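No value in this document is a laboratory result; all are computed from the given coordinates. None of the values given here were measured: they were computed from a predicted structure. Here the Cβ is made from the backbone with ideal geometry for all residues, glycine too, and neighbour counts use every protein chain on show.
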Amino acid sequence: MTTFPSPPLLQFNGHLQTIIPGVFRKVQGVLYERERLELEDGDFLDLDWIFNQSKNLVILSHGLEGSSDRQYILGAAKLFSQNNWDVLAWNCRSCSGEMNRTARLYHHGDVEDIGTVISQAVQRNEYENVLLIGYSMGGAMSLNYLGKNGKKIPDQIKGAIAFSTPCDLKEGAEVLNKSSNVIYRKRFLNNLKRKIFIKEKEFPGRVDLKKLNEIKIWRDFDEHFSAPLNNYKNAEEFYYNSSAKNFMENIQIPTLLVNALNDPILTPACSPFDIAKINSNIIIENPKQGGHCGFMEKGEEFAWSEYRALEFAKTVL
């Protein structure tokens, strides 16, 4: 099922296949049970569960400035729940509707938090099979977690899927600077700037707010804010440690990476076929259409990506 079928009539290019589902798709009937996970550093993560008394668990990781309420998360949660999986959609720090407590936020290469979520989930309910699904940044987190930990992951994790994932963060930052991507760049930056102002108020001196006025390209934000808030010396170090392609060679379980060819904010470097050639655990698919975290299919309730994820899950259990 690697060929993406026809998208809805009005979604005739990558931008529309990205924007229309994100704005207008409404997934009904998903009821979460929220759990607050207290962390050792004094912060917290909000976890949203769907329980079916299953031994199979899917862990869903959202994208940059997303949450468990994004349409792509809700769609996957609903489909897997209907197929008798337990579902855990977790929210990164500051993304659950309440600001987090510490100075740090989250980023593509942050494997500590997703590792804590996985560990707690596996231990809590004694799941036999766990599948990781990440979207965009959440996909990068999942791939980084698997690559950086290699064989040191719970035996219960049987597979992983990453959709619309920037495996090369440096190139991902550069493509956001294109004039055609101004809508995405402004949306991300405006949301992140609001959080930076809050962090400066709570932790005076941690960042230099004057630098916000000097941001001309996305790398400027990463140089002055992403890097220091996450204890990297500069954007270059941040990009290397957050780019999943630098660690994917070590992935030890079946892992599917799906990046649409018309995704407006990804480049060919985000689909590292050279690594897939030397690591048979990695499968890369590049459907011609789908946009970024869109993949809506004409006449279907669920996105093609959601059906593809469930199909892949059946092959790894």
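For the stretch 112-129, putting each phi into the Karplus relation 6.51 cos²θ - 1.76 cosθ + 1.60 with θ = phi - 60° gives couplings of 5, 5, 5, x, 5, 4, 4, 4, 5, 5, 5, 5, 5, 10, 6, 5, 8, 10 Hz, in residue order, rounded to whole numbers and with x for Gly and Pro.
Summing +1 for each Lys or Arg and -1 for each Asp or Glu among the other residues whose beta-carbon sits under 10 angstrom from that of Asp46 gives 0.
Using a Gaussian network model of the chain in which every pair of alpha carbons under 10 angstrom is joined by a spring, one finds that among Leu31, Leu169, Leu257 the greatest mean-square fluctuation is at Leu31. Extension gain for Glu126 to Phe203 (0.36 nm times residue separation, less C-alpha to C-alpha distance): 23.8 nm.
Note on Glu174/Asn231: beta-carbon distance plugged into 1/(1 + (r/R0)^6) with R0 of 22 Å gives a FRET efficiency of 0.40.
Semi-axes of the equivalent ellipsoid of the chain are 28, 23, 20 Å, computed as sqrt(5λ) over the eigenvalues of the C-alpha gyration tensor in descending order. When you restrict to C-alpha pairs under 8 Å that are six or more residues apart and normalise by the size of the stretch 169-242, the relative contact order lands at 31 percent. With the convex hull drawn around the C-alpha atoms of the stretch 4-87, the volume per residue stands at 133 Å³.
Which entries in Lys78/Lys186; Lys152/Lys314; Lys170/Lys216 show an alpha-carbon gap greater than 26 Å? Write out the running numbers ahead of the final one.
On the way: Lys78/Lys186 30 Å; Lys152/Lys314 24 Å; Lys170/Lys216 16 Å.
Violating the 26 Å limit, Cα to Cα: Lys78/Lys186.
Using the Cα coordinates of the stretch 169-242, the gyration tensor eigenvalues translate into equivalent-ellipsoid semi-axes of 20, 16, 9 Å, sorted from longest to shortest. With each label modelled as a point 7 angstrom along the Cα→C-beta vector, the Glu38-Asn250 pair spans 3.2 nm. Summarising the amide proton neighbourhood of Ala162: residues at separation of 5 or more, or on other chains, whose placed amide H is nearer than 5 Å comprise Gly134, Leu256, Leu257, Val258. Over the stretch 42-122, the reciprocal of the mean inverse Cα-Cα separation, the Kirkwood hydrodynamic radius, stands at 13.1 Å.
In this structure, Asn191 and Gln28 have a Cβ-Cβ separation that, at R0 = 25 Å, corresponds to a calculated FRET efficiency of about 0.45. Highest mobility in the GNM of the chain, judged by mean-square fluctuation with C-alpha springs under 10 Å and restricted to Ala303, Ala140, Ala103, is found for Ala103.
The residue list Leu169, Phe203, Leu229 was ranked by how far each Cα lies along the charge dipole of the stretch 169-242 toward its positive end, using unit charges on Cβ atoms, and Phe203 comes out on top. Dividing the radius of gyration of the alpha carbons in the stretch 118-277 by their Kirkwood radius gives 1.01 for Rg/Rh. For the cross-link pairs Lys245/Lys298; Lys26/Lys210; Lys158/Lys277; Lys151/Lys195; Lys195/Lys277, which exceed 31 Å when the distance is taken from alpha carbon to alpha carbon? Result: Lys245/Lys298; Lys26/Lys210; Lys151/Lys195; Lys195/Lys277 exceed 31 Å.
Rounded to whole numbers, the Karplus 3J(HN,Hα) couplings from phi for the stretch 217-228 are 10, 4, 4, 4, 5, 5, 5, 9, 10, 4, 5, x Hz, using 6.51 cos²θ - 1.76 cosθ + 1.60 with θ = phi - 60°, and x at Gly and Pro.
Secondary structure note: in the chain, about 30% of the DSSP beta bridges are antiparallel. Here is the list for the stretch 1-49: chymotrypsin sites (Phe, Trp or Tyr not before Pro) lying in DSSP coil, each with at most 16 other C-beta atoms within 10 angstrom of its C-beta, are Phe12.
Taking GluC sites (Glu not before Pro) in DSSP loop states with no more than 14 other Cβ atoms inside 10 Å as exposed sites, the chain has its longest site-free stretch at 129-299.
Distant-in-sequence amide contacts of Ser54, defined by a placed amide H-H separation under 5 Å and a gap of 5 or more residues or a different chain, comprise Asp86.
Remark: the stretch 221-317 is approximated by an ellipsoid whose semi-axes, taken from the C-alpha gyration tensor as √(5λ), come to 28, 19, 13 Å, largest first.
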